[in-house]
Every structure is written in C-alpha cells, then in structure tokens.
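> Sharing a structure, written as structure tokens. Questions coming.
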Amino acid sequence: MRVNGEQHVVTGEGDTPLIYFLRNDLALNSPKFGCGLGECGACTVIIDGEAARSCALPLRLAAQRDIVTLEGLGTADAPHPLQQAFMDAQAAQCGYCIAGMIMTAKVLLDCHPGADEAAIREALRFNLCRCGTHLEIVAAIKLAAGRGLRKDAAGVADGSGV
C-alpha cells in the first residue's frame, strides 16, 4: 500500500485493522484508537480520496490503495492550510479527535471548496469530540473554506487561494 506518498509492504494478517499497521509499524500516530467500531472518527484517514475509519478497515481491504494520514498533509514548519486554520481558530482542546476532524474536513473541502456551515456540520456528524469544541472546529473549517482551498494538479488541496 502507499501511505503518505511512500510505498510500503504489509506483512500483517489480512484481518488486522489498518490503524495497527499505521501506528505500530509505520509510527504514524495521528489516527487515534477511540471506539474500535468506526463510530467516533478519531481514526479517520483518507483512502483513495475518501474518508475512512482505519480501526474498522482490515489490511486486506487497504492493499494497493493510496492512504493519507495527518502526517501526510503538512509539517510543523509548513502546515497544510487546513491545519493552519485549525491553529488559527484554536480548534483543539485535548486534541484526540482533531486528526479525524481534519481528515474528514479535507475530503469535504476537496469536493466542496466553498462548503457552508450546514455542509460542514453534515460532514462531521459522525465525528465525536468529547471536549465540546465542535463550534471551534466548524469555525476552523469555515475559515479554511473562506481562504479558498483548492486542489492542485495532483489532487492535493494547496491553499493557493489563501
């Protein structure tokens, strides 16, 4: 499978959840184990351009697919525009859910760059935040949408409208 632009050979059992391979084998810690059932969204990654719950997806179904985690979006020195919007809006409290929120929001904004609040809330309806920072999270995504995120030729939202 291809993770964050790098090809990887998977040696685990086919029914092992993808999150274990990402966290344990690749040391990518942004997908968080929350519920283990794909219900909370903390483990959300992007697979072939769609948001997917890595705790509920077996490795065998992730084979030969393109996977992006939060680590694949930006860095501390050069954050992705969506990550920057989350920082600017101070949209994190404990941070446990934030990676899943950002990955879900990225898919939304890739498909609907000017998403309004109703569309944002609909996209996030299955992502849980126990700290109650939903208002700040929605504000951050609205900020990113307002800054004009758009896809570049490779299909990556580049924030050039910022």
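> Identify, by number, the condition in (1) in contact with a Phe, Trp or Tyr (Cβ under 7 Å, 6 or more places away or on another chain); (2) surrounded by 17 or more Cβ atoms within 10 Å (Cβ to Cβ) that residue 83 doesn't meet.
Single failed check for residue 83: (1).
> Within region 54-69, is there a residue that is outside any loop (DSSP other than H, G, I, E, B) and open to solvent by 80 Å² or more (accessible area, probe 1.4 Å)?
yes
> Kindly establish whether residue 31 is closer than 20 Å to residue 131 by Cα, touching a helix residue (DSSP H, G or I) at 6+ places or on another chain (Cβ under 9 Å) and either open to solvent by 20 Å² or more (accessible area, probe 1.4 Å) or in a loop (DSSP other than H, G, I, E, B) (or both).
So residue 31 passes the test.
> Just one of (1) farther than 19 Å from residue 125 by Cβ; (2) part of a loop (DSSP other than H, G, I, E, B); (3) open to solvent by less than 80 Å² (accessible area, probe 1.4 Å); (4) out of contact with any Lys or Arg (no Cβ under 8 Å at 6 or more places or on another chain) trips up residue 13, so point out which.
(3)
> Continuing with this model, one more query. If I filter region 123-140 down to residues being open to solvent by less than 40 Å² (accessible area, probe 1.4 Å) and assigned to a helix (DSSP H, G or I), which single residue comes out as nearest to residue 82 (Cα to Cα)?
Applying the filter and picking the extreme gives 140.
> Are any residues in region 70-122 within 15 Å of residue 32 (Cβ to Cβ), assigned to a loop (DSSP other than H, G, I, E, B) and touching a residue at least 24 places away in the same chain (Cβ under 8 Å), and if so, which ones?
The answer is 92, 93, 94, 96, 97.
> Let me ask something else. Taking into account only those residues within region 1-41 that are among the charged types (D, E, K, R) and over 25 Å from residue 80 (Cα atoms), which is farthest from the chain's Cα centre (by Cα)?
So the residue we want is 13.
> Name the residue, out of 46, 19, that is free of Cβ contacts under 8 Å to residues at least 60 places away in the same chain and either touching a helix residue (DSSP H, G or I) at 6+ places or on another chain (Cβ under 8 Å) or closer than 15 Å to residue 99 by Cβ (or both).
Going through 46, 19 in turn, the sole match is 19.
The values are calculated or read from the model by the stated rules, or taken from the named source; none is laboratory data. All values derive from a computational prediction rather than experimental measurement. Because the Cβ atoms are built from the backbone with ideal geometry, glycine has one as well, and the counts that use them run over all protein chains shown. With ligands, DNA and RNA removed, areas are computed over all heavy atoms of the protein, side chains included. Shrake-Rupley method; radii C 1.70, N 1.55, O 1.52, S 1.80 Å.
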